[in-house]
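Worksheet: one structure, shown below.
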Amino acid sequence: MRTDDTSMRAAICTGYGPPEVLHVEQVERPRPKADEFLVRVRASTVNSSDWFVRSGIPDSPTLTRLMMKVMIGLRRPRQPILGLIAVGEVVEVGAGVQRFHVGDRVWAFTKFHFGAYAEYTCLRESSSVGLAPAELSFEDLAAIPYGGLLALHYLRKGGVKPGMQVLLYGASSGAGTAAVQLAKHFGAHVTAVCGPDNAPLLRSLGADEVLDYTKESTPPEGAAWDLVLDTVGKRKTSALRVACEHALRPGGRVLSVDDGTPEFSAGELDTLKDLVERGALKPVIDRRYSLEEIVEAHRYVEQEHKKGNVVISIN
C-alpha cells in the first residue's frame, strides 16, 4: 500500500537551545526502504531525554556534551525531527518486511534515529518496535514505553524479586511511576520518595510507604533496602537521598537511570505489552498537548515537575 500525499506536519528542531528552537512545519513525508515500514504517528511524548537533546545539554561536563553532539550533530541535530517514542499504525511496508503488516498498531523506541514528532515516520523492522496492546488508546500507549523500558531494565539489573525491600527515589517521574507498579508486580516491598503533592498518586500505584524528601532528611529508624533505585537522574538530589543510599542491607545495591545508555530491544517492548495486558502496568499521564503545542510541552517538562508522562497527540 502506498499513500498518495507527499508531505506531512512535523516539529523541526532548528538548533540547540530553548524550547523555541522547535517549529511545526510542512515537510516531505518519508518513504520506507525495503527493510522499513511507514507509520502514521498518532502520539508521542516529551521526556527528559527529549529536552536534554533539544537543549544541547548545557549543564553537562564538556566531554559528555561533545560526545553527545558527535553522535547526534555538532551545531544542530542531524535528524531535525526529534521524539523518542512513536505510537501509531502501519500504513505502508517495504518489500522485505515480514513481521509487520498494514493496519498493525505499533509502538517504538526510536533511539538516536528520533523522528516521532511528525505525522509519519519510517521504522526498521529490526529496530526497537513491537505490536502495541490493543485495549489502550494511542495516547495511553505513548505513556508506557519510555518509563516502562527504563524501569524494567534497572529493576532487572537490580535483581528485583519477591520479598525485596526496594526504595525508588524520584518515584513520580515517568520511570518512577512505572517502577512502582513493576516492583510491586515482581513482589517487592516498595518505598517511594517524592514531594508532598505526589504521595496520593504513588500510593494509588501500589507504594507501600512514601517518604517526602522536602520534610525528611533521614530514613525511618531501622529502615534498610536491598535496592535503592534513582528513577529521576543524578542531577536531582537531597539529604534524604544520600542517607537512603547508605541504608542498605548486606549485598544491597544503588542504581540510577543515569547509569549507562541501555539498548532497549523489541523483546522488552513485548514484555511491556504482556505486563499491560495482564493489568500490571498502567499509563500515568500528567498533561496532553497537540503537536502545535510542542514548545509549551517542552517548556513544561523542562521545569522537571511533571508527574508521570507528558503526551503529544498527533491527529
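The values are calculated or read from the model by the stated rules, or taken from the named source; none is laboratory data. Since the model is a prediction, treat every value here as computed from it, not as a measurement. Here the Cβ is made from the backbone with ideal geometry for all residues, glycine too, and neighbour counts use every protein chain on show.
Within the range 131-160, the residues that satisfy the criterion of being more than 20 Å from residue 46 (Cα to Cα) and outside any helix (DSSP H, G or I) are 131, 133, 134, 135, 158, 159, 160.
Here the condition is being in contact with a Lys or Arg (Cβ under 6 Å, 6 or more places away or on another chain), of a type in the set (D, E, K, R) and in contact (Cβ under 8 Å) with a residue 40 or more places away in the chain; of 226, 230, it holds for 226 alone. Looking at this structure, is residue 206 in contact with a helix residue (DSSP H, G or I) (Cβ under 6 Å, 6 or more places away or on another chain), touching a residue at least 24 places away in the same chain (Cβ under 8 Å), outside any strand (DSSP E or B) and surrounded by fewer than 19 Cβ atoms within 10 Å (Cβ to Cβ)? Yes, satisfied.
Across the range 161-181, the qualifying residues are those that are in contact with a helix residue (DSSP H, G or I) (Cβ under 6 Å, 6 or more places away or on another chain) and part of a loop (DSSP other than H, G, I, E, B), and the one among them that is surrounded by the most Cβ atoms within 10 Å (Cβ to Cβ) is 171.
Scanning the range 212-256 for residues that are within 14 Å of residue 167 (Cβ to Cβ) and touching a Ser or Thr at 6+ places or on another chain (Cβ under 6 Å) yields a count of 6. If I ask for residues that are modelled with pLDDT of 95 or more and of a type in the set (Ser, Thr, Tyr), which ones from the range 239-264 would you list? Across the range 239-264, the qualifying residue is only 256. Scan the range 171-211 for residues that are modelled with pLDDT under 95 and on the phi > 0 side of the Ramachandran plot and the total you get is 0. Here the strands (runs of 3 or more DSSP E) wholly within the range 213-294 that include at least 1 residues being surrounded by fewer than 18 Cβ atoms within 10 Å (Cβ to Cβ) are 248-256, 285-290.
Here residue 73 clears all of (1) crowded, with 16+ Cβ neighbours inside 10 Å; (2) over 27 Å from residue 232 (Cα atoms); (3) modelled with pLDDT under 95 except the condition numbered (2). Screening residue 274 against (1) closer than 24 Å to residue 39 by Cβ; (2) touching a Gly at 6+ places or on another chain (Cβ under 6 Å); (3) without any contact (Cβ under 8 Å) to a residue 60 or more places away in the chain leaves a single unmet condition, (2). Quick check: anything in the range 257-272 among the β-branched types (Val, Ile, Thr), under 20 Å from residue 150 (Cα atoms) and in contact with a Leu (Cβ under 8 Å, 6 or more places away or on another chain)? Scanning the range 257-272, I find at least one residue that is among the β-branched types (Val, Ile, Thr), under 20 Å from residue 150 (Cα atoms) and in contact with a Leu (Cβ under 8 Å, 6 or more places away or on another chain), so the answer is yes.
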